Structures are given as structure tokens and as C-alpha cells.
1. Thr35 versus (1) within 10 Å of the chain's Cα centre (by Cα); (2) of a type outside the set (A, V, I, L, M); (3) within 21 Å of Ala150 (Cβ to Cβ): which is the lone unmet condition?
2. Evaluate region 107-119: report whether one residue or more is loosely packed, with under 15 Cβ neighbours inside 10 Å, at negative phi and within 12 Å of the chain's Cα centre (by Cα).
3. List every residue pair whose Cβ atoms lie under 6 Å apart, where the two residues are 6 or more positions apart in sequence or sit on different chains, the first residue falls within region 1-23 and is touching a residue at least 60 places away in the same chain (Cβ under 8 Å) and closer than 23 Å to Leu86 by Cα, and the second residue, located anywhere, is among the polar types (S, T, N, Q) and assigned to a helix (DSSP H, G or I).
4. Can you report the number of residues in region 67-105 which are within 17 Å of the chain's Cα centre (by Cα) and under 21 Å from Thr18 (Cβ atoms)?
5. The conditions are (1) under 22 Å from Leu148 (Cβ atoms); (2) surrounded by fewer than 21 Cβ atoms within 10 Å (Cβ to Cβ), and Gly89 fails exactly one of them. Which is it?
6. Hey, among the residues in region 13-72 that are under 20 Å from Gly178 (Cβ atoms) and in contact with a Pro (Cβ under 7 Å, 6 or more places away or on another chain), which one's surrounded by the fewest Cβ atoms within 10 Å (Cβ to Cβ)?
7. Restricting the search to region 38-66, which residues are charged (D, E, K, R) and over 19 Å from the mean Cα position of the chain (by Cα)?
8. For region 174-210, which residues satisfy the criterion of being closer than 21 Å to Ala38 by Cα, β-branched (Val, Ile, Thr) and modelled with pLDDT under 85?
Amino acid sequence: MQTLLVPVVADLPRLLDTTASNAAWVITATLLSGTIAAPVMGRLGDLYGKRRLLVLSLGLMVLGSLVSGFTSDLLPMVVGRAVQGLALGAIPLGISIIWDQLPPERRGFALGLMSSSIGVGGALAIPLAALVAQNFDWHWLFFASAALGALAMAAILAVVPRNEQRIPGRFDVIGALGLTLGLVALLLPSPRAPTGAGGAPPRSGSSPPP
């Protein structure tokens, strides 16, 4: 989800009929929501079931993909991308399920395989997304991610056992809100996209402004 739009990021202002700084929110929204979702979904999984929350995370990714896939307007696109980013919570949930379900001698290999798949998936997404964007309408990037999310949900429901360990306790709403505000405060000041004078994307081959 983070690298899905890399092949079309330079064209987003034109595709969404907006400025480069506004179009950058299509990328930033996913980063923000994913950063918040990872610890929150992990805690909710401990309390209410990791398998259930894992399916929910991927379901949100499918929903966000469909929202973005059926629009060319900035605001619903940003909303869809933010919902897509909530799927990042699947990573800590998946690690926890591996730790709970596999014997100690198999955990290291499984965790290494999962960790490597995150980097490999992000790298493969760029050329595959470029292939889709060059040969089809760019909205098919979202429809393809929705299909992959639906397949992953079906696989989880078929393979991951229902019996899972849960940790007694409660969800710290105030702590979650504080974490959210803190992460947003840290991430928002970072540059969202390279821009030239007046917020326009820099032209290829041009030198950066002083």
C-alpha cells in the first residue's frame, strides 16, 4: 500500500485535478493511518482475538481500495487511502499469530519469512504497479489491491485456527488518543512531496531552487 502509487505519483496532481501539495496527502494519509494502526490493532488483537482483527484489518484495506478505485476526486481518494493504511495493523497481528500458533523451532523461520516478504512485497509493488498503470486505467491499481486483500482474508479464514490466546485487560482509549496525536505531530511536519516554485512538481532535469 505504501508503494502502490509510486509509478503515478508525479501524475497525481493532473489525475486528481489538484495541486502537488494537496495530491501529496494521497501518500501521507496512508503513512499516518498505518503508523497509528500498527500498535492499536496489536493491542485490540490481544484483547479481542488476533485472527478477528487480522481479517478486519484486511477488510478495511479492501474497503479503502474500493473507495479510492471508484473516484478521481481528492477528498474521497485521501479518505480511501487512509482506510487502506489501516491494513498495516496486519503486521503485528500476523507476528503475534505466528508466535502463538507455531512451535518454538519453527518461529524463527516463519518470522524471518514474514519480515522478508514485507520488503519484497514493497519492492515488487513498484514494477507491477507501473505495468498496470501503463497498460490499464490507473484505478485498476486499487481494484487489484482489493482483490489481493479479499484473497488474503479468505486464506486467513481457511488456514488460521480459531483457538488463540487472549490477554485479559482493557483498551486504553486515552493512551491511544495520545499516541495518535503524538505520531501525527511527529509525522506531519515532514515534507510530503518534492515541489517546485508555487507548489508545482519540479521539472525533470531542472536544478532545485536555492
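1. So Thr35 meets the others, but not (3).
2. Yes - at least one qualifying residue is present in region 107-119.
3. Going by the 6 Å Cβ cut-off, the qualifying pairs are Met1/Thr30; Met1/Gln84.
4. So the answer is 13.
5. (2)
6. Gly42
7. The initial filter retains those residues of region 38-66 that are charged (D, E, K, R), namely 43, 46, 50-52.
Result: Asp46, single match.
8. If the condition is that a residue be closer than 21 Å to Ala38 by Cα, β-branched (Val, Ile, Thr) and modelled with pLDDT under 85, then Thr180, Val184 are the ones that fit.
The values are calculated or read from the model by the stated rules, or taken from the named source; none is laboratory data. Keep in mind that this is a model prediction, so the values were computed, not measured. Reconstructed Cβ throughout: ideal geometry from the backbone, glycine too, with neighbour counts over all protein chains shown.
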